[in-house]
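First the structure, in the form of structure tokens, and then the observations on it.
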Amino acid sequence: MLAPPLPQDAAHRLRVLLDLNILDTAAQERFDRITRMAARLFGVPIALVSLVDAERQWFKSRVGLALDSIPRAESFCAHALMQDGLMVVEDARLDERFGALPIVAQTGARFYAGHPLAMPDGQVIGTLCIIDHSPRALDDEQRTLLRDLAALAANEIAAIELRRAHERRLANEAWIRVLLDHIPDGVLMLDANGSVMSANPAAEQMFGSDLYGLAGRNAVALFGEDAALLLDPELTAAAPPQEGGGRRIDGSTFPIEVQLAPMCLDGQRRYAAIVRDVTRQHEDAQRSRATEERRRKHFTTATHELRTPMASILGFSELLLKRDFDPATSRELLDIIHRQASRLVDLINQLLDLARIEAGGTEGLSFTRVNVAELVEQTLTGLNGLGQNHRIRVELETGMPAFSADPQKMQQALTNIISNSIKYSADDTTVDVSAAALQRNAKLMIAIRVADHGIGMTPEQLARIFDAFYRAGESPNVQGSGLGMTIFKEIIELHGGQADIESHPGTGTAVTVWLPALPDHG
């Protein structure tokens, strides 16, 4: 018995066979029909559709044989794989290659004829074979018949693979469709002229129209004039992303980043356009520039604001060190130093607080559900130290919805405006704090209003009320850093709110804070 040789491309042949996922599968009528036909047409007891892997010959279909596989080294078919066509062994006992095979010596097989089963790429994965217990020969017509039956078996295997490939393609297409339906970037397919052929939901939303409204529109109409440069027929790879101006169906514009990649589908040139709305990035960049500009202004003004109390502290402390004063004068100088030091500490704390708020943004806030009544109560408790709470009148609407906020920061903002109302109004006047749920720009908002009957502000003062270090009131009894209202505005805007201020000289000031209400009243 001679061991069957290995094909030169044995590894590749085995990979093709394994990729078919047909080994060790259940019997199928499409193959059993062929082996039954072969056994009847040739009048043989055994007919097999066999597949040969690295170690064995496995039978996808068998007639007249109980075994489902035999070792590769003991098979006829491992030799038949090496043939260009039909291999016929008229009497195996007389052939040195097969005389000692168990199927010959023990089972009594004498005649074998097998034709290779070749896949579309030419790789041979097995055979269709017939076996008889008596020596015999095949005439030309029988050889042709066996070859045709082998072709049928090979076609059935190829059909299985074709169906699986089609199923894989459908699965891939479904996966790609799900991906396109859920990615945030717009994806459009363009023809060779740059006209829209298809679009994913993100692109439809981005440009304000469904596919019916987008189909046929040219990329230039959607992406701007620069799109014509990207539709280069010589382009062979994806162009670098470019920023431009997108145009919606209604004519409105917005900033976009677009990248075009050429491809060939069904022999036709196509472009895949990936579009990203960069409005938020532009707004973030603009806010960053504005914040940086404010910081530079704050730093410039802060150097002056810090220099004044520091100069006072140094000047008066130097007097105390160099000259002897009577106890009353010394105490007066120390009192000045203490007031200026307190002002300096307050100014530094306010600067640090403003810097933390600007640097942290919304990420620096701890949002939770806030009840308006509880917020007002906690704020007033914190103001007890001023000894003026008896002047504050509170009127809150019942059943108001809650809103989302950082309680500590919101209490700080409310403290700033209430304390200002107390400071800039006479002791015999009231400060009114009220709250209600109101509609504003078609949205339910929480309106918190703080009104006093104090000195008020001129239009010029009101225009600068949120400027850092600006103090509208000139009362000598009122101390402050001029940062309170700046911090107040930053806090309210980080909460998605707005602040309205009404003020008239001699009649007082009213500040209304508008904050988005939560959907339910729980």
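The values are calculated or read from the model by the stated rules, or taken from the named source; none is laboratory data. Owing to the predicted nature of the structure, the values given are computational and were not obtained by experimental measurement. Cβ sites come from the backbone with ideal geometry, for glycine too, and all protein chains shown count toward neighbours. Each accessible area value is taken on the protein alone, full model and side chains, heavy atoms only, with ligands, DNA and RNA left out. Shrake-Rupley method; radii C 1.70, N 1.55, O 1.52, S 1.80 Å.
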**Message:** Can you tally the net charge around residue 112? Count Lys and Arg as +1, Asp and Glu as -1, for every other residue whose Cβ sits under 12 Å from the Cβ of residue 112.
**Reply:** 0
**Prompt:** Computed on alpha carbon atoms, what radius of gyration and Dmax characterise the range 365-522, expressed in Å?
**Reply:** 15.1, 47
**Asked** What percent of all Cα-Cα pairs in the range 398-448 falls in each 10 Å bin, counting up from 0?
**Response** 20, 41, 31, 8
**Message:** Explain nothing, just the number: relative contact order of the chain, from Cα pairs under 8 Å at least 6 residues apart, as a whole percent.
**Reply:** 8
**Asked** Solvent-accessible area per residue for the range 10-166 at a 1.4 Å probe radius, Å²?
**Response** 45
**Message:** Per residue, how much accessible surface does the range 184-277 expose to a 1.4 Å probe? Answer in Å², no decimals.
**Reply:** 52
**Complete:** Once normalised by the length of the range 365-522, the mean sequence separation of its alpha carbon contacts under 8 Å that are 6 or more apart gives a contact order in percent of 26
**Angle in degrees between helix 407-423 and the longest Cα principal axis of the chain, rounded to the nearest 10** = 20
**Request:** Whenever you get a sec, compute what percent of the accessible area on the chain sits on carbon and sulfur atoms (1.4 Å probe).
**Result:** 53
**Asked** Once every DSSP H run of n ≥ 4 in the chain is given -39500 (n - 2.57) and the sum is divided by its residues, what mean residue ellipticity at 222 nm do you get, rounded to the nearest 500 deg cm²/dmol?
**Response** -13500 deg cm²/dmol
**Complete:** For the range 184-277 the translational diffusion coefficient, Stokes-Einstein from a Kirkwood Rh over Cα pairs at 25 °C and viscosity 0.890 mPa s, in µm²/s, is roughly 191
**Request:** Determine the relative contact order of the range 184-277: mean sequence separation of Cα pairs under 8 Å and six or more apart, normalised by residue count, in whole percent.
**Result:** 31
**Message:** From zero outward in steps of 20 Å, how is the percent of C-alpha pairs of the chain spread across the bins?
**Reply:** 16, 24, 20, 16, 14, 9, 1, 0
**Prompt:** Ranked from highest to lowest mean number of other Cβ atoms within 10 Å per residue, what is the order of the peptides 89-95, 379-385?
**Reply:** 89-95, 379-385
**Prompt:** Taking only Cα atoms, what is the 0 to 90° angle, nearest 10, from helix 484-494's long axis to the longest principal axis of the chain?
**Reply:** 20
**Message:** Taking the full set of protein chains and a 1.4 angstrom probe, give the accessible area of residue 410 in square angstrom, rounded to the nearest 10.
**Reply:** 10
